[in-house]
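The values are calculated or read from the model by the stated rules, or taken from the named source; none is laboratory data. Predicted, not measured: the structure shown is a model, and the values here were computed from it. Heads up, the Cβs are rebuilt from the backbone with ideal geometry, glycines too, and the neighbour counts pull from every protein chain shown. These accessible areas exclude ligands, DNA and RNA; they are computed on the full protein's heavy atoms, side chains included. Shrake-Rupley method; radii C 1.70, N 1.55, O 1.52, S 1.80 Å.
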Amino acid sequence: MIYFTGDIHGDPSRIINAYESGKIVDNDIVIILGDAGFNYYHNHKWGFKKDEKVKQKVKALPITILCVRGNHEKRPSHISTYKEVEAFNGIAYWEEQFSNLYFLKDGFQYELGGRKFLILGGAYSVDKWFRLENGWNWFIDEQLSEEEREEIWNKLHNSKEPLDIILSHTCPLKYEPYDKFLPTINQSLVDKSMERWLNKIEDTFNYNYWLFGHYHDDRKITDNVYMLYNSFLSLEELTS
């Protein structure tokens, strides 16, 4: 089985509990829709051993975990222990020490369970200044750059294949959950460029389903658009 879930921010207890309760079983695949938090403390003054402890916990599970990149984690392409490997009919980032854990590449499509998945990771951190003021990690390349967006757009535009399932961290602007916005954040200062670009993707290309995390809630937005956080949505449930 293939399951989707939202941000875990370095706390895999939700996945561990799902396995121990029998909801997830051996050889299942769990896809985290960003902010997995496996690479948050890398090179931080507190040390990357915090990251290793989290990875060790999920390494003990006989399942495979795939991650969309969020905005609370360092890009695996900037971490020397990751290498690019062929996986799921695409190229993913992988560490030999944690062989059941993969980070999926932005703009790439993968094949799993007879379906194709387009990955569009990254987002703007509304807690950016709070993190910087407190000496916590913030990553300057948390969002897709303009060059990356243009490259992905051109690739999609030139492809004759229809899109099946889109997995992103944030969502198209039209689907933003305004009621989840933090009242302490001035929204006029929030960079919405990713969300506007995703809007353009959503308006231009046909797709079957779109799943995203980031907003810490579980909602069915439309018949084919889902926001996920604590819940586990199976591919079978999604497509039935």
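With the biggest extent put first, the Cα atoms of segment 1-120 measure 42, 34, 24 Å across the principal axes. Within the accessible area of the chain, the carbon and sulfur atoms contribute 49%, probe 1.4 Å, all protein chains present.
Summarising the amide proton neighbourhood of C67: residues at separation of 5 or more, or on other chains, whose placed amide H is nearer than 5 Å comprise I32, Y102, F103, L104. These residues, D26, D164, go from largest to smallest accessible area, 1.4 Å probe, as D26, D164.
The phi torsions of segment 112-125, fed into the Karplus equation with coefficients 6.51, -1.76 and 1.60 and a -60° offset, translate into couplings of 8, x, x, 10, 10, 10, 9, 9, 9, x, x, 5, 8, 8 Hz, rounded to whole numbers, with Gly and Pro shown as x. The heavy atoms of I79 offer some 10 square angstrom of accessible surface to a 1.4 angstrom probe.
This model, with +1 at the C-beta of Lys and Arg and -1 at the C-beta of Asp and Glu, gives segment 95-134 a dipole about its Cα centre of some 200 debye. The fraction of all Cα pairs in segment 171-238 landing in successive 5 Å bins from 0 to the largest distance is 4, 14, 25, 24, 18, 10, 4, 1, given as whole percents.
Estimated from helices alone, the mean residue ellipticity of the chain at 222 nm is -6500 deg cm²/dmol (sum of -39500 (n - 2.57) over DSSP H runs with n ≥ 4, per residue). Heavy-atom accessible area for H157, with the other protein chains in place and a 1.4 Å probe, reaches approximately 110 Å².
For D28, the amide hydrogen comes within under 5 Å of the amide hydrogens of T64, counting only partners 5 or more places away or on other chains and with H modelled in the peptide plane.
For segment 84-98, 3J(HN,Hα) computed residue by residue from phi via the Karplus equation (6.51, -1.76, 1.60; θ = phi - 60°) reads 7, 9, 6, 7, 6, 6, x, 10, 10, 8, 8, 10, 4, 5, 10 Hz, glycine and proline entered as x.
Close amide H partners of Y226, meaning residues 5 or more places away or on another chain with modelled amide H under 5 Å apart, are W210, L211, F212, I221. Using equal-weight Cα scatterers in the Debye expression, the normalised intensity of segment 38-97 in log10 at q = 0.23, 0.24 Å⁻¹ is -1.12, -1.21.
Here the spin labels are modelled as points 7 Å beyond Cα on the Cα-Cβ line, and at D203 and N134 they lie 3.7 nm apart.
Applying D = kT/(6 pi eta Rh) to segment 51-154, where Rh is the Kirkwood radius over alpha-carbon pairs, T corresponds to 37 °C and eta to 0.692 mPa s, the Stokes-Einstein value obtained is 217 µm²/s. A 1.4 Å probe, protein heavy atoms only, puts the accessible area of Y19 near 60 Å². In units of the compact-protein estimate 2.2 N^0.38 Å, segment 109-240 shows a Cα radius of gyration of 1.11.
Which order do you get for F38, F88 if you rank them by accessible area with a 1.4 Å probe, largest at the top? Walk me through the numbers before you get to the answer.
Values: F38 0, F88 50 Å².
Correct descending sequence by accessible area is F88, F38.
Each residue of segment 68-79 was assigned a 3J(HN,Hα) from its phi angle through the Karplus curve 6.51 cos²θ - 1.76 cosθ + 1.60 (θ = phi - 60°); the sequence is 7, 6, x, 10, 10, 7, 6, 4, x, 5, 9, 10 Hz, with glycine and proline shown as x.
Per residue, segment 135-187 exposes 60 Å² of accessible surface when a 1.4 Å probe is rolled over the protein heavy atoms with every protein chain present.
Over all other residues within a Cβ to Cβ distance under 9 Å of W138, the charged ones net out to 0, with Lys and Arg as +1 and Asp and Glu as -1. In the set (1) 128; (2) 197; (3) 114, the label that goes with volume of the Cα convex hull per residue in Å³ computed for this structure is (1). Normalised by the number of residues in the chain, what is the relative contact order in percent for Cα pairs under 8 Å and 6+ residues apart? Over the chain, the number comes to 21 percent.
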